[in-house]
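Bear in mind these aren't lab numbers, they're just calculated from the coordinates by the rules spelled out. Because the structure is predicted, anything quoted here is derived from the model rather than measured. In this analysis, Cβ positions are derived from the backbone assuming ideal geometry, glycine residues included, and neighbour counts consider all displayed protein chains.
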Amino acid sequence: MSATILDGNKAAEALLESLKPSIKKLKPKLVIVQIGKEAASMSYIKKKIETCAKIGLEAEHRELPFETPIDKLFQTIEDLNRDPKTTGFIIQLPLPPHLRQATPLVFRAIDPRKDVDGFTAYNLGKIFLSTEFETLPPATPAGIIALLEYYKIPIAGKHAVIVGRSNIVGKPLAIMLLNRDATVTVCHSKTSDLRQKTLDADLLVAAVGIPKFVTNDMVKKGAVVIDVGVNRTETEKIVGDTDFDAIKEIASAITPVPGGVGPMTVASLIRNVVRAKEQQKNT
């Protein structure tokens with residue numbers, strides 16, 4: 001029996017629909033800052049802008065030249081921090097090569113109250129406390145949690161194995177799953193006997209950025225599989241970090257790529273914009 005397909009478009013639509021009354025009342029504004037015109041980033045930004053327009057959220061795409069120096073980027077961030085009309089903003093990643101080493105400093109410069117990507121140390125630190133403090137969490141981990149909740153997939157008591165330890169997905173997702181009483185194992189490039197560890201997972205999350213890295217012989221029968229990867233092949237086809245066609249025959253549920261985690265990331269970003277506006281009105 002094939003796995004249940006965890007349709008991120010369907011779950012995202014439900015989440016966005018629930019946000020519409022607050023958007024209409026609060027009138028928040030999102031600003032997306034992009035440095036250069038990296039192709040994948042252009043595609044992601046287009047999707048974000050289209051989704052915002054669809055639900056009536058004001059969004060601005062602010063483009064800076066590829067050669068923008070770090071002081072100019074810091075000035076842009078400071079202007080947005082001070083702009084009362086900007087509820088929240090994001091700096092689209094990846095940054096150009098000449099700015100990448102400064103990525104932690106870029107995050108540090110963002111006002112945590114406007115950090116709708118959830119990447120500042122303050123907002124990341126809050127998620128370590130409990131679910132009640134997950135006010136502005138990173139959008140992809142939050143989207144994964146929301147997707148599991150939409151499909152009523154239990155987390156408490158389950159063994160979750162995350163393949164990938166990035167600061168924007170793997171690490172924060174591990175904490176958010178711990179907050180919901182999962183037992184969590186985080187695997188990475190130095191993990192020994194990876195296959196044995198993934199075979200022990202009730203919930204397996206692949207977030208490594210390698211096409212079809214997780215194969216069906218790495219998945220326990222009946223496991224729930226979440227694929228975070230978005231990889232473009234030589235034929236321009238988009239595939240995930242898992243061998244979807246093979247794994248769907250043994251998993252109980254699996255996310256497709258595209259159409260799984262991606263839409264939930266966008267919806268969670270928009271939810272963070274609404275939450276930021278609510279917080280700002282109460283301070």
Residue (of Asn216, Phe119, Ala174) at the positive-pole extreme of the chain, dipole from beta-carbon charges: Phe119
Enumerate the lysines that Lys212 could reach by cross-link, defined here as Cα to Cα under 25 Å, with residues fewer than 8 away along the same chain left out. Lys10, Lys47, Lys158, Lys171, Lys190, Lys197, Lys220, Lys221, Lys237, Lys248
Relative to the longest principal Cα axis of the chain, at what angle does helix 39-55 sit, 0 to 90 degrees, rounded to 10? 80
Using only the alpha-carbon atoms, how far is helix 139-150 inclined from the longest principal axis of the chain? Give it as 0 to 90 degrees, nearest 10. 50
Using alpha carbons only, how many angstrom separate the centre of region 48-107 from the centre of region 213-283? 24
Prolate/oblate/rounded call for region 201-267, Cα gyration tensor, a/c under 1.5 rounded: oblate
Given the C-alpha atoms of region 1-42, compute the convex hull and give its volume per residue in Å³. 96
To one decimal place, what orientation-averaged projected area in nm² is obtained for the convex hull of the Cα set of region 27-112? 5.4
In degrees, nearest 10, range 0 to 90: what is the angle between the Cα axis of helix 8-26 and the longest Cα principal axis of the chain? 30
Along the charge dipole of region 27-112, Cβ charges K/R +1 and D/E -1, which of Leu57, Phe74, Pro94 sits furthest on the positive end? Leu57
Nothing charged except the Cβ atoms of Lys and Arg (+1) and of Asp and Glu (-1): what's the magnitude of the dipole of the chain about its Cα centre? Round to the nearest 20 debye. 620
What does the convex hull of the alpha-carbon atoms of region 155-254 project to on average, in nm²? 6.2
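Evaluate Rg over Rh across the chain, taking Cα atoms for both radii and Kirkwood's formula for Rh.
On the Cα set of the chain, Rg over Rh gives 0.96.
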